[in-house]
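Chemist: Take a look at this one; I'll ask things after.
Nothing in this text is a laboratory measurement; each read-out follows from the coordinates by a stated rule. What you are looking at is a predicted structure, and each value in this text was computed from that prediction instead of being measured. Cβ placement follows ideal geometry from the backbone for every residue including glycine, while neighbour counts extend to all protein chains displayed.
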Amino acid sequence: FQSQVHLAQHQRRIAEQHAVNTEILRSVLPAELVRVSSAGRVGVCHESQDATVGVTQVYNFAEWSAQHLETSVISILHHLMCVLDDGVANHDNVSRAMTYGDAYVFCSGLLEEHPGHVEAAQNFAVWQLRAVRAFADHGGADTAGVAHVVPVQLCIGVCTGAVTGGTVGSSALRYILAGPAFEGAQHNARQCEANCVLITCAPLSAAALAG
């Protein structure tokens with residue numbers, strides 16, 4: 001009987017640790033990849049010749065961040081990313097791909113084929129502009145509870161075309177993107193005006209031309 005109790009306790013601890021590990025994976029990987037990564041399949045790679053990638057950045061980030069304390073910058077970005085995470089979870093056929101610096105990268109049609117990937121990404125981009133206005137209207141308070149003086153404005157670059165995504169690393173697993181659509185989205189975000197979405201099509205990739 002005692003051995004059965006120990007076994008049950010051990011199984012409960014394993015289940016609790018598995019739940020913790022799953023939550024950690026959800027914080028760094030697209031939701032669709034959590035299941036396969038939990039099973040130990042690292043190095044997962046996806047490739048599409050027809051997907052849409054979006055890159056959301058804070059408009060004129062260098063100037064904006066210079067007007068805030070460093071702790072406020074991190075706090076505001078954290079809350080902003082949480083808002084975008086909540087939003088992507090409520091939009092069909094759109095996934096968060098990764099984040100870097102002040103950039104939030106999302107995609108549609110890569111992890112799962114979807115004929116309406118352009119419209120799905122566009123709808124999420126437009127939603128972000130509305131959400132960030134509400135975020136600013138409610139203060140976007142920093143950790144000290146002091147509302148930031150300079151409101152957050154977004155510039156969103158969206159590009160459709162070929163893109164490849166995959167997991168890299170082992171102890172510090174990350175998901176990254178590469179390819180014309182991702183590069184095009186980055187370029188569009190840099191060229192975009194404040195509170196606007198710039199959408200283009202990427203040039204055909206070498207693989208598409210060869211096909």
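Chemist: Count the net charge of all other residues whose Cβ sits under 14 Å from the Cβ of Asn60, scoring Lys and Arg as +1 and Asp and Glu as -1.
Modeler: So the surrounding residues net to -2.
Chemist: What residues have an amide H closer than 5 Å to that of Asn195, excluding those fewer than 5 places away on the same chain, when H is modeled at 1.01 Å from N in the peptide plane?
Modeler: For Asn195, whose amide H was placed from the backbone, the distant partners under 5 Å are Leu154, Cys155.
Chemist: What does the extension gain come out to for Asn90 and Cys201, with contour length at 0.36 nm per residue minus their alpha carbon separation?
Modeler: Length gained, Asn90 through Cys201: 37.4 nm.
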